[in-house]
Amino acid sequence: MTAPTPRFRGVFPVVPTTFRADGSLDLASQRRCIDFMIDAGSNGLCVLANFSEQFALSDAERETLTHESLAQVKGRVPVIVTTTHFSTEVCIERSRRAQDLGASMVMVMPPYHGATLRVSESQVYDFFARLSDALRIPIMIQDAPVAGTPLSPAFLARMAAEIENVAYFKIETAGAASKLRELIRLGSDAIEGPWDGEEAITLLPDLDAGATGAMTGGGYPDGIRQIMDAYTAGRRDEAIDLYMRWLPLINYENRQAGFLAAKALMHEGGVIDCAAPRHPWPDLHPAVRQGLIETARRLDPMVLRWGR
């Protein structure tokens, strides 16, 4: 069983970073994006994640986005700030700054760099222990393929039991439901927040395994909320029907459009002014964009109406 009273649960989608066509930050669009995502029913938000193109941002831009995002939210929903860095000290510095600005939680991947630079399990443990000692807010460990770091359920459960602020886990590796189930079994009440990720492509089996949160893309929180709310209320058959209804769009985002899906939907609906990524990432192919919008229109998500 999971902890009886998790501090955070529900749908916490990732906020995309909005750029102008010249690649500079578009803070006006960023503010509208945040307002839309709250209006669409997000239980909370996550900023500076991989789906926010955090890997293409300077340190100064990260600082600006953290400050501007938390200021725009104004406490309406809790905000998770991603503070991943290979360096323990840099991660601590980023995390303390996020905490001071009002973040409710930080999300961190284990230390990695490129395709081959990893550290041992003992170093990963020490990394999160030092980070925890520096903070008052909970830490979410992001178990994502991009980090390329094996994190067994037993190791994650051990960190949850032994490291004070390690309490949430976003599981988005292959076999996520099985891993969540084993993590909950081994960690019991120390696993305050077992969460689903990867654009909700495995949401239903992950909920069946015990997930209490979902960190998805930011384009249609209203759709994901329908599924989560029905499931949480004990209406599993209704949740299955809703999942089947929204799955074509979830699949289109996860397998075709990736992190540009949310911005394409927001641009189509007048939420943001430009859907471009930052160079050298290529623009979304017009055929992919057309398929994404066509799939979304069948569902009438708020994103296509909010800014019109």
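Each of S178, S42 was scored by other Cβ atoms within 10 Å of its Cβ. Listed from fewest to most, they are S178, S42.
Distance between Cα centroids, region 41-117 to region 247-275: provide it in whole Å. About 21 Å separates the Cα centre of region 41-117 from the one of region 247-275. Take each peptide in 69-75, 283-289, 213-219, 31-37, count the other Cβ atoms within 10 Å of every residue, and average; sorted highest first, the result is 213-219, 31-37, 69-75, 283-289.
The slack between Q290 and T232, meaning 0.36 nm per residue of separation minus the straight C-alpha distance, is 17.5 nm.
Rounded to the nearest 20 debye, the dipole size of the chain about its Cα centre is 340 debye, using +1 on the Cβ of Lys and Arg and -1 on the Cβ of Asp and Glu. The aspartates and glutamates whose alpha-carbon is closer than 12 Å to the alpha-carbon of K74, local same-chain residues fewer than 8 away aside, are D35. Backbone amide hydrogens, once placed in the peptide plane, bring V166 within less than 5 Å of I139, excluding anything fewer than 5 places away on its chain.
Helix content alone sets the calculated 222 nm mean residue ellipticity of the chain: runs of n ≥ 4 DSSP H residues at -39500 (n - 2.57) each, divided across all residues, give -13500 deg cm²/dmol. The computed Kirkwood radius over Cα pairs in Å for the structure shown corresponds, within (i) 24.8; (ii) 22.7; (iii) 19.3, to (iii). Model label sites at A28 and D300, defined 7 Å from Cα along the beta-carbon direction, differ in position by 3.1 nm.
Values in this text are rule-based calculations from the coordinates and carry no lab data. A quick note: this is a predicted structure, and the numbers were derived from the prediction, not measured. Positions of Cβ are backbone-derived with ideal geometry, glycine not excepted, and every protein chain shown enters the neighbour counts.
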